[in-house]
1. Which value, in Å² and to the nearest 10, is the accessible area of Glu22 when all protein chains are kept and the probe is 1.4 Å?
2. Taking H placed 1.01 Å from N in the peptide plane, check which residues at least 5 places from Leu215 or on another chain put their amide H under 5 Å from its amide H.
3. How much FRET efficiency would the formula 1/(1 + (r/R0)^6) give for Lys127 and Lys218, where r is the Cβ-Cβ distance and R0 is 30 Å, rounded to 0.05?
4. Which links in Lys127/Lys193; Lys127/Lys209; Lys113/Lys234 stretch past 31 Å when you go from one Cα to the other?
5. For Gln32 and Asp190, what is the calculated FRET efficiency with R₀ set at 51 Å and r taken between the beta-carbons, to the nearest 0.05?
6. Pull up all non-local amide H partners of Thr44: gap of 5 or more, or a different chain, and H-to-H distance under 5 Å with H placed in the peptide plane.
7. Pull up all non-local amide H partners of Thr129: gap of 5 or more, or a different chain, and H-to-H distance under 5 Å with H placed in the peptide plane.
8. Say R0 is 35 Å: what FRET efficiency, to the nearest 0.05, do Leu159 and Thr109 get from their beta-carbon distance?
Amino acid sequence: MTTAVRKWLGLHVRSKTPDVEEVLQESDFQLQKTVRHGLPHQPTAIAVDEVQGIFAVGSRFGGIRIMGQSGIESYLEHEEQAEIQQLLFLINEGALISVTDGDCLHMWTLRQKVPTVVQTLRFTREKVTCCCLPLQSQWLYVGTDSGNVRFVSTHLFSLSNYGVHWNQAISVQQRAKPGAVVVLSEQPTDTNKLLIAYHSGQLVLWDMKFRRAILRVKHTSSFYCVSWLSDGSKFVCGHSNGELTVWSPKSTQPLEILTPHGKGMTVLSPVTHVEWLSQTAGFGEYVEGLMC
């Protein structure tokens, strides 16, 4: 085929192709999400309801993904899109509490097709640093940056007049604040006993019935996490220096000091989470183990 013929064919094809004017506008499209897969981007908090068989994962941008058995799936979003610091299920009650970066507590109801926020409580004078919701409890324990512990009714979602002030817990004679409350943990065998750990390395076992401190401990490094043995006879703490310390509620000195992630190293990462696991081994014996 000669060059002249190729040029003629090219001109002929182009002449047969009409110009198309683009008339589609942005308003002609309606995009919407039909399927959501996987966990939220940049997760920051997790909670589990073992009775209902569901778990929730919160994200840095205020989203909550709830997943469980086949067919159980939901996605929740906070209006302010604040980072979720903590999630707590009201076990087997179809409700979830979310703690956001703006010092807000939100109560979600999961009993309807589209979960919604039914109550919101905002702290204005103190910053929320940690929360604890014991099993079947009507009270949510809230630790603050001032070193105080507040109590929120899960039914009314309002603050109680009762609270634990930092100078009552540490000592009425101490003038310096112990720092923020970093961990709250109820003793498994006595719901009147509350363990309060402070960022400064101080720890208090508080009797809520008689409103007094049963145990006061001062450690050289900050507390990050606490876990009780199921019978309430001991508890273990994770520290900023990478150590684990085992304590008795009746002793001001640790029963044992462990270095699970390296002994003799100069720099260790903090132990941010620890669980004291135990299960029946038969004949009344228990098998114990720490997971951190």
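The values are calculated or read from the model by the stated rules, or taken from the named source; none is laboratory data. All values derive from a computational prediction rather than experimental measurement. When we count neighbours, we look across all protein chains shown, and the Cβ atoms used for this are built from the backbone with ideal geometry, even at glycine. The protein model used for the area step is the full one, side chains on, heavy atoms only, and it has no ligands, DNA or RNA in it. Shrake-Rupley method; radii C 1.70, N 1.55, O 1.52, S 1.80 Å.
1. 140 Å²
2. Long-range HN contacts for Leu215: Leu205.
3. So the FRET efficiency works out to roughly 0.80.
4. Violating the 31 Å limit, Cα to Cα: Lys113/Lys234.
5. 0.45
6. Gly58, Ser59, Arg60
7. Gly143, Thr144, Asp145
8. Plugging the Cβ-Cβ distance into 1/(1 + (r/R0)^6) gives 0.95.
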